[in-house]
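Derivation of every value follows stated rules applied to the coordinates shown; laboratory data play no part. Every value quoted in this text rests on a predicted model; they were computed, and no experiment measured them. Neighbour counts are summed over all protein chains in view; Cβ atoms, including those assigned to glycine, are modelled from backbone coordinates with ideal geometry.
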């Protein structure tokens with residue numbers, strides 16, 4: 001991959017009204033989450049860490065975690081903590097840091 005190329009991997013695409021207890025069942029996808037170049041994670045919702053594990057993403061390789069906004073399907077504290085405890089990444093916000101719903 002050259003400096004001008006990006007790789008995107010979508011690890012989840014579900015909405016915030018999902019029944020998260022069904023995660024892992026056929027046809028049930030994880031919370032919205034995108035991995036860029038294997039080192040930048042965009043969003044980590046209700047299935048954030050579990051999705052990284054499911055798709056065998058090297059959590060230690062993560063350098064930044066960006067949040068698009070604060071909804072549980074994009075930023076869920078318990079899942080974010082599982083990621084942060086395993087790496088020295090930087091947390092970044094694309095929008096105001098406040099709960100909007």
Please report 76, 8 as a ranked list, fewest other C-beta atoms within 10 angstrom at the top and most at the bottom. 8, 76
Most exposed to least, judged by fewest other Cβ atoms within 10 Å, 21, 87, 39 sort to 21, 39, 87
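Would you calculate, for the chain, the mean residue ellipticity at 222 nm contributed by helices, counting each DSSP H stretch of 4 or more residues as -39,500 (n - 2.57) and dividing by all residues, to the nearest 500?
Details: 2 runs with 15 residues, N = 101.
After summing the helix terms and dividing by residue count, I get -4000 deg cm²/dmol.
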Simple spin-label estimate for residue 94 and residue 5 in nanometres, 7 Å along Cα-Cβ: 2.4
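How high is the FRET efficiency from residue 37 to residue 87, r the C-beta distance, R0 22 Å, rounded to 0.05? Could you put the intermediate results ahead of the total?
Values: r = 15 Å, r/R0 = 0.70.
Computed FRET efficiency for residue 37 and residue 87: 0.90.
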Arrange 35, 41 by Cβ neighbour counts within 10 Å, fewest through most, would you? 35, 41
